Amino acid sequence: SQQGEEDPQALSIQEGENATMNCSYKTSINNLQWYRQNSGRGLVHLILIRSNEREKHSGRLRVTLDTSKKSSSLLITASRAADTASYFCATVRLGGSTLGRLYFGRGTQLTVWP
Amino acid sequence: GAGVSQSPSNKVTEKGKDVELRCDPISGHTALYWYRQSLGQGLEFLIYFQGNSAPDKSGLPSDRFSAERTGGSVSTLTIQRTQQEDSAVYLCASSYRAETQYFGPGTRLLVL
């Protein structure tokens, strides 16, 4: 079953604008990860944030995590047309025999217009 | 080094036929995962191998689905008596310490 829910389902912006995507999840987690997918094929790992971290940066990406609200956000600054893709959050649940298994949301389709 | 590779890239089969999908993980990665993604859907976990431990098969949707991992490396996902609802992209991923997962390009399966 799905763990995360991304919001919005689709986002359309102009180049240079910032894009913010949100993710909510249901159970306690070990970490939360964001992935990018182009054209329905392989996923590319973007960033991982652990449950004891609140914010993390990587280049133009900024991820926040609020474990009290069970939510995360991904901010892409100064977006480019090449950022057009689907973005998924995925969680690794705390404990249990499924350590390492990722629970994915349905994703946000980001379109950046030149 | 080389990433995760999957074969075939695309597979078209007739309902009722068996199919085998192959995954070559990154060398040295101890964990291997199979997911599937149906049209417009998120990724659904299928099965997880970690080292020499018994695999976690809890995501397999029916007994028509099975997977094995030989020698702790290559994995094969087998779907017997395929159904139209099996049509999806099947994604394989591997990881070293069960954290960041590296995905292959996927196999797009179409069951007619």
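Which of the residues belonging to the range B:53-73 are among the hydrophobic types (A, V, I, L, M, F, W, C) and either touching a Lys or Arg at 6+ places or on another chain (Cβ under 7 Å) or open to solvent by less than 30 Å² (accessible area, probe 1.4 Å) (or both)? Talk me through it step by step, then tell me what you get.
At the first step, the residues of the range B:53-73 found to be among the hydrophobic types (A, V, I, L, M, F, W, C) are B:54, B:60, B:65, B:67.
Once the filter is applied, which keeps residues that are among the hydrophobic types (A, V, I, L, M, F, W, C) and either touching a Lys or Arg at 6+ places or on another chain (Cβ under 7 Å) or open to solvent by less than 30 Å² (accessible area, probe 1.4 Å) (or both), the range B:53-73 yields B:Phe65, B:Ala67.
Out of all the residues in the range A:24-47, which are within 19 Å of B:Val89 (Cβ to Cβ), polar (S, T, N, Q) and over 12 Å from the mean Cα position of the chain (by Cα)?
Within the range A:24-47, A:Asn38, A:Ser39 meet the criteria.
Among the numbered conditions (1) at pLDDT below 95; (2) open to solvent by 20 Å² or more (accessible area, probe 1.4 Å); (3) polar (S, T, N, Q), tell me where A:Thr108 comes up short.
Of everything listed in (1) at pLDDT below 95; (2) open to solvent by 20 Å² or more (accessible area, probe 1.4 Å); (3) polar (S, T, N, Q), A:Thr108 misses just condition (2).
Only one of these is in contact (Cβ under 8 Å) with a residue 60 or more places away in the chain and open to solvent by 70 Å² or more (accessible area, probe 1.4 Å): A:Arg62, A:Arg93, A:Arg80. Name it.
On the way: A:Arg62 fails: in contact (Cβ under 8 Å) with a residue 60 or more places away in the chain; A:Arg93 fails: open to solvent by 70 Å² or more (accessible area, probe 1.4 Å).
Result of the check over A:Arg62, A:Arg93, A:Arg80: A:Arg80.
Please go through the range B:102-112 and pick out each residue that is more than 17 Å from B:Leu39 (Cα to Cα), open to solvent by less than 40 Å² (accessible area, probe 1.4 Å) and not in a loop (DSSP other than H, G, I, E, B).
Selection gives B:Phe103 alone.
Only one of these conditions is not met by B:Glu99: (1) facing chain A (nearest Cβ under 8 Å); (2) part of a strand (DSSP E or B); (3) charged (D, E, K, R). Which number is it?
Every listed condition holds for B:Glu99 apart from (2).
Per-residue answers, yes or no, for (1) within 11 Å of another protein chain (Cβ to nearest Cβ); (2) part of a loop (DSSP other than H, G, I, E, B); (3) charged (D, E, K, R); (4) open to solvent by 10 Å² or more (accessible area, probe 1.4 Å):
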residue	(1), (2), (3), (4)
B:Lys11	no, no, yes, yes
B:Lys17	no, yes, yes, yes
B:Tyr33	yes, no, no, no
B:Glu44	yes, no, yes, yes
B:Ile47	yes, no, no, no
B:Leu77	no, no, no, no
B:Thr82	no, yes, no, no
B:Glu85	no, no, yes, yes
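All but one of (1) part of a strand (DSSP E or B); (2) within 14 Å of chain A (Cβ to nearest Cβ) hold for B:Ser66; which doesn't?
Among (1) part of a strand (DSSP E or B); (2) within 14 Å of chain A (Cβ to nearest Cβ), B:Ser66 violates only (2).
The values are calculated or read from the model by the stated rules, or taken from the named source; none is laboratory data. Because the structure is a prediction, the values reported are computed rather than measured. Ideal geometry is used to build each Cβ from the backbone, glycine not excepted, and the neighbour counts take in all protein chains shown. Note: accessible area is taken over every heavy atom of the protein model, side chains too, but ligands, DNA and RNA are not part of it. Shrake-Rupley method; radii C 1.70, N 1.55, O 1.52, S 1.80 Å.
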